[in-house]
1. So what is the calculated 222 nm ellipticity per residue for the chain, using -39500 (n - 2.57) for each DSSP H run with n of 4 or more, over all residues, to the nearest 500 deg cm²/dmol?
2. What list of ³J(HN,Hα) couplings, whole Hz, do you get for region 16-21 from phi and the Karplus terms 6.51, -1.76, 1.60, once you set θ to phi - 60° and write x for glycine and proline?
3. Along region 60-72, what does the Karplus equation 6.51 cos²θ - 1.76 cosθ + 1.60 (θ = phi - 60°) give for ³J(HN,Hα), rounded to whole Hz, x for Gly and Pro?
4. Which value, in Å², gives the accessible area per residue of the chain when a 1.4 Å probe is used on the protein heavy atoms?
5. Over the chain, what portion of Cα pair distances is larger than 13 Å, expressed as a whole percent?
6. Please arrange Arg10, Arg72, Arg32 by accessible surface area, largest first, computed with a 1.4 Å probe and ligands excluded.
Amino acid sequence: MLSKLYKLSRRRGLQLEAFGSILIVTVMLADRFLYTVQDGFMLVCAIISAIFLTCGIRVVKHADEQIQDKNR
């Protein structure tokens, strides 16, 4: 699984991070200002957001390490 993840580009990693952030912020704002979201739905969205953020961070970190290794 991780080998497939590391094949993604740095840009794709940044997109994963952005999606994870936007997802959790949107759900939290909707819960606060529009309507009450069920706790289970909020938990699922938080877990999905955490997965996307973690994957994105790993991809970006791996891409940065590869660039750094090429420059040596």
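The values are calculated or read from the model by the stated rules, or taken from the named source; none is laboratory data. If you're wondering where the values come from, they're calculated on a predicted model, not measured in any experiment. These accessible areas exclude ligands, DNA and RNA; they are computed on the full protein's heavy atoms, side chains included. Shrake-Rupley method; radii C 1.70, N 1.55, O 1.52, S 1.80 Å.
1. Mean residue ellipticity, 222 nm, calculated: -27500 deg cm²/dmol.
2. The phi angles translate into 4, 4, 5, 4, x, 5 Hz.
3. Calculated HN-Hα couplings, in order: 5, 4, 5, 5, 5, 5, 5, 5, 5, 5, 5, 7, 7 Hz.
4. 79
5. 67
6. Largest accessible area first, the residues go Arg72, Arg32, Arg10.
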